[in-house]
Amino acid sequence: MLTCEPCQRMFVSQEAYSGHLRSKNHVKETDGAWLFCPVCDIYVLGLRPWKEHVGGAKHVKAHVAKGMPPDVQPQEPRTVPGHEYCTTCRMHVPQHIWARHPSTPRHLKKAQSARYRSALDEAEKDKLGVVIEGEGDFGVLSTTDGKKGQTKRLALRLTSPAQISVVDYVFSSHRGDVKHCSPSQFSVALAGKSRTLVSGERPLHLDVSFRQGFLGSYQDRLEIKFEDRKHGRQFVIVRNFEAVVGDQHDHDQFGARSVYVPRKVVEEREPETNVIPEPPMPAFEAATKYVVSLPKAAIPRHIEDILSQKSNGEVMRKFKQLLPKSLNTFSYAQYFKPLLWAEEYKMNRDLEFYDIPDATLKKSGKHYSLNVPGLAEKRPSVLKGDTLLVRRVDGPPGTWFSGRVNDIRETTVELSFHSSLQWTQSQRYVVRFKPNRTPWRRQHQALDRPFDEERATFPRTVDVPLSAPGADHRLPLKNALVRDNERQLQAVTSILRLPKGSLPFIIFGPPGTGKTVTIVEAILQILDKSTDTCVMACAPSNSAADIIATRLKEALPAGVTLFRHYAVSRSPAAVPESLRDCICTTEGGLFTCPPRAQVQKYRVVVSTCVSASVFAGVGVPRGHYSHIFVDEAGQATECEVAVPIRTIAGPDTNIILSGDPKQLGPIIRSGIAQQLGLEQSMIERLMKLDAYELPTRQGRSVVKLTKNFRSHISILKYPNERFYNNELTQCADPKIIKTYHGWPHLPNRNFPIIFHAISGQEAREASSPSFFNVHEITQVKEYVRLLKSTRGSFRTASEDIGVITPYHAQCLKIRKALAEDRDTGDMKEKVGSVEMFQGDERRVIIISTVRSSRDFIEYDLKHTLGFVANPRRFNGKYLLTGGFKTLVLITTDTILTVAVTRAKALLIIVGDPHVLQLDSLWRQFLNYVHDNGGWTGIPIPWDPNEPVDDANAYDQDVAQSAQAEMDRLMKALEVTTRGNVVVEDDETGANIDREWRDIE
């Protein structure tokens, strides 16, 4: 057991301990300590002031005068003038608050921690002459051996002339008063009938057995109670047991190869004082002829100064002062521009993670190639036209060469530098990645442009039509299926009948309800209605925009032309074959936008939201497009959606937004921007207004689609009831959604959902903060093998299987595991994050939740001391996205509406119920699966018949149970420790001046 004294935390492995020492929490804990400088004979408060002190002129002068080394290490002073030292908190407390310090929450928490740690330490010791011999680690067992069971023997010896007998022996999880714990896989029995220990004679033996056929990591604590009959007292000795059921090959192949050491983030990076620009690329820079140039929109210095401060609370306080008190038409730009700068700043800082400290360049003619680890997985994301900075490792500080990315090939980028770059084959370089600022500049341009169409961004109830037009069954529909879908037909009719200059119309499309089909049909009807209409169709991503363009292209009447605009950074290979005659390129093959006169001849233009500003840039006037459609609007930030609206919409332009505010919103990296509103999409904000209240405004300002054409009713049932008012109806093809009825591996043959409960073990390795879980990798691989090897109608093609997991490390290892397995090795299964599956679907979806953060003393110190103290650490929409919250796992509403509803016919979830139960939505969903017979693996660790508390206080419930268990253990130890200094009552502050003994 390893202990961090300043933080009062215990760790069961060197890996966990080393990672903690480099963590932000540890640094924060130690940063406020007093440090003594023996050179200057002064006290300094905190690590950062210490660094400033030793770099200051006074310190340098003093160490020179005294002949002492300049890199003197700080000493922890025993006394600080005007302060008293608290040994429990390991800090110097000002004397004027010393009297009340023992009653502060910080001190009480530290004192409780000390008592619990001391109790556990004492419990594991041999005592009063009793010695327990034997190994508690069963190692890695195959599922076959786990099912058969394995046994280890403990020898209980007496080494003193005492009268000792064994009173009881029980595993902690076997106690009836221990809540939130699965039944133990461990059991214990006394070998023989005697319970009396006799010094010098044969020992007593306890046989500890482990039996479990399901994959996972298992731990329990054996408590052995003895009685000293001579003195009439009882005492307890504890031994910890653990076993792993798994695939040894997978643990060897996919386990952590090295100890996780968080990558050091340099607080003050080397400045870029002299950046030598890359050679100009006239063809690239002049690909499109703009008449309106983009603003620089660089992050202002005062905003950068605020964001660079260390205190999150102070940053938030100062940042709020920059923003207007309310968001409205007049404060719109003033509100969102700082949020954009905050997000850009955070993206810059995040990119620092990918800096390459020691790289080489290969030269080919005038160009250079650089190998970029993680490029194939877009970590970092580098696009054609981006810039990188390089500096010779041995070069002058501050001097960098800017390189333009000319081409990208899997793991390498091709760069061009100024001719003064001194290159040799062996020269080493430091590499920095710089984000492409064009998207930021386009959003700032949109915010800067005058736009006072209040009905477009802040519609009121008076803007809503008085009545909804009836669904027009006489329309000459291009897609006949729309006629049989009343809500889709209503949406098309309502959009077609909108008066000019209406408030934005919203198509609220839950999963699988055909919102893109509805948009395409509405656009086709608009084009048919009048030859004067022109349509701009946008989406947040190129893939979503390509879907719209492809479907329109297939159905456009003769003579109606479509232009698909791509940014110059887009790879030509990514363009769908059917759209190659809809693009415009330069003679050099770069994507471009035609001049104003030519582009205005197109009846339909399609682009991403951000690239839509190009049309205003080439001179297309406001109002040229009668309609602006934005599909998947819930995935874009408000500023992205504002680009086509604020740059090109006129007084008569009608705006149609399509999406689902219940699904994943935009990915925001900055916690500041996230909390202040950048994470909320425009469609989500508008849906909260009275103008879009459902069902009152149905057909007038919004239509909610309700026919689900994707999922089996069992898969659809929970998200439908929880998030969509039970309005969705299952309309998918029965032949597809009932594919797995009767599959022999379903716990319930007629219920196509499996929750496979695993007591796993999360891990990280090297400098990657991303988590993985070998047990879940093995289980996912096994399910894929079963699906692909099952004979008959259940046999599943790779293309029909999708694996969703929240962590990049887990994605990579699952892909590798599937690729190397000869039964699953064609590797056509899609494996990725929930963002990668947004808008996608598969016949089978397997979800690996990864997180299993219980450790050797699970339900004891971990929960009691607050490692799971904040319920948002185990839920919130960042669980599957790897976002701003402290832990990322699997989300509540967004995952259950996105990841779960990607499945057509079979849904398999692999996860740790002990972790997932802490979130109320997950608990409800897992209760639903359990009640319908879909549970397999370890037993459910809570009562599924108890009502679920939406207040989400299960973390507190577990913590209270853990504290009660620790208190029980301490009470059992009281007889042994009373009169000693091991466990002390600190309620009165009696140990305030005592040294706390080190635990080795």
### Query
Could we say that Trp935 is of a type in the set (Phe, Trp, Tyr), modelled with pLDDT of 90 or more and surrounded by 22 or more Cβ atoms within 10 Å (Cβ to Cβ) here?
yes
### Message
Name the single residue that is surrounded by the most Cβ atoms within 10 Å (Cβ to Cβ) among those in the range 650-701 being among the acidic types (Asp, Glu) and in contact (Cβ under 8 Å) with a residue 60 or more places away in the chain.
### Response
Asp660
### Task
Considering only the range 754-841, give the strands (runs of 3 or more DSSP E) lying wholly within it that have at least 2 residues that are under 25 Å from Pro373 (Cβ atoms) and of a type outside the set (A, V, I, L, M, F, W, C).
762-765, 768-773, 830-832
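For the structure I just gave you, tell me whether Lys735 is in a loop (DSSP other than H, G, I, E, B) and surrounded by fewer than 17 Cβ atoms within 10 Å (Cβ to Cβ).
So Lys735 fails the test.
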### Residue check, Pro49 surrounded by 16 or more Cβ atoms within 10 Å (Cβ to Cβ) and modelled with pLDDT under 75
no
### Task
Go through the range 457-510 residue by residue and tally those that are farther than 30 Å from Leu447 by Cβ and β-branched (Val, Ile, Thr).
3
### Query
What number goes with the only condition from (1) within 25 Å of Ile814 (Cβ to Cβ); (2) surrounded by fewer than 20 Cβ atoms within 10 Å (Cβ to Cβ); (3) β-branched (Val, Ile, Thr) that Thr729 does not pass?
(1)
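Residues checked against (1) part of a helix (DSSP H, G or I); (2) within 30 Å of Ser160 (Cβ to Cβ); (3) modelled with pLDDT under 90; (4) out of contact with any helix residue (DSSP H, G or I) (no Cβ under 6 Å at 6 or more places or on another chain):
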{"site": "Gly213", "(1), (2), (3), (4)": "no, no, no, no"}
{"site": "Ser217", "(1), (2), (3), (4)": "no, no, no, yes"}
{"site": "Leu222", "(1), (2), (3), (4)": "no, yes, no, yes"}
{"site": "His231", "(1), (2), (3), (4)": "no, yes, yes, yes"}
{"site": "Ile237", "(1), (2), (3), (4)": "no, yes, no, yes"}
{"site": "Asn240", "(1), (2), (3), (4)": "no, yes, no, yes"}
{"site": "Ala243", "(1), (2), (3), (4)": "no, no, no, yes"}
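Could you say which residue among Ser767, Ser789 is surrounded by fewer than 24 Cβ atoms within 10 Å (Cβ to Cβ) and in contact (Cβ under 8 Å) with a residue 60 or more places away in the chain?
Answer to the check: Ser767.
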### Message
With the structure loaded, tell me whether Pro280 is surrounded by fewer than 17 Cβ atoms within 10 Å (Cβ to Cβ) and within 30 Å of Pro459 (Cα to Cα) or whether it fails that test.
### Response
no
### Task
Kindly list the number of the only condition in (1) within 33 Å of the chain's Cα centre (by Cα); (2) assigned by the TED database to the domain that holds Ala612 that fails for Asn479.
(1)
### Summary
The helices (runs of 4 or more DSSP H) lying entirely within the range 249-327 that contain at least 1 residues which are at pLDDT below 85 are 282-285, 312-322
#### Entry: Positions within the range 527-555 being crowded, with 19+ Cβ neighbours inside 10 Å and either within 12 Å of Lys478 (Cβ to Cβ) or outside the structural domain of Glu486 (by the TED database) (or both), in sequence order
Leu527, Arg551, Leu552
### Task
Name, by its number, the condition in (1) closer than 25 Å to Gln924 by Cβ; (2) modelled with pLDDT under 70 that does not hold for Phe837.
(2)
### Summary
Sole miss for Val482 among (1) out of contact with any Pro (no Cβ under 9 Å at 6 or more places or on another chain); (2) within 20 Å of Tyr724 (Cβ to Cβ); (3) of a type outside the set (S, T, N, Q); (4) surrounded by 18 or more Cβ atoms within 10 Å (Cβ to Cβ) is condition (2)
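This table checks each residue for (1) free of Cβ contacts under 8 Å to residues at least 60 places away in the same chain; (2) in contact with a His (Cβ under 9 Å, 6 or more places away or on another chain); (3) of a type in the set (Lys, Arg); (4) part of a helix (DSSP H, G or I).
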{"residue": "Gln443", "(1), (2), (3), (4)": "no, no, no, yes"}
{"residue": "Leu447", "(1), (2), (3), (4)": "no, no, no, yes"}
{"residue": "Ser467", "(1), (2), (3), (4)": "no, no, no, no"}
{"residue": "Leu481", "(1), (2), (3), (4)": "yes, no, no, yes"}
### Task
Sort out which residues of the range 484-523 are under 15 Å from Asp660 (Cβ atoms) and of a type in the set (A, V, I, L, M), and write them in order of number.
Ala491, Ile506, Ile507, Val517, Ile519
#### Entry: Every residue from the range 694-729 that is hydroxyl-bearing (Ser, Thr, Tyr) and in a helix (DSSP H, G or I)
Ser714, Tyr718
### Query
Which residues, counting only those in the range 381-413, are crowded, with 20+ Cβ neighbours inside 10 Å, touching a helix residue (DSSP H, G or I) at 6+ places or on another chain (Cβ under 8 Å) and part of a loop (DSSP other than H, G, I, E, B)?
Val382
### Task
Would you mind finding the one in Arg455, Arg460, Arg474 that is surrounded by fewer than 17 Cβ atoms within 10 Å (Cβ to Cβ), within 37 Å of the chain's Cα centre (by Cα) and charged (D, E, K, R)?
Arg460
### Scope the range 738-750; condition free of Cβ contacts under 8 Å to residues at least 40 places away in the same chain and surrounded by 15 or more Cβ atoms within 10 Å (Cβ to Cβ); matching residues
His741
### Message
If I filter the range 699-717 for residues that are farther than 27 Å from Gln924 by Cα and out of contact with any strand residue (DSSP E or B) (no Cβ under 8 Å at 6 or more places or on another chain), do I get at least one hit?
### Response
yes
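The values are calculated or read from the model by the stated rules, or taken from the named source; none is laboratory data. Model, not experiment: these values are computed from the prediction. Cβ atoms come from the backbone with ideal geometry, glycine included; neighbour counts cover every protein chain shown.
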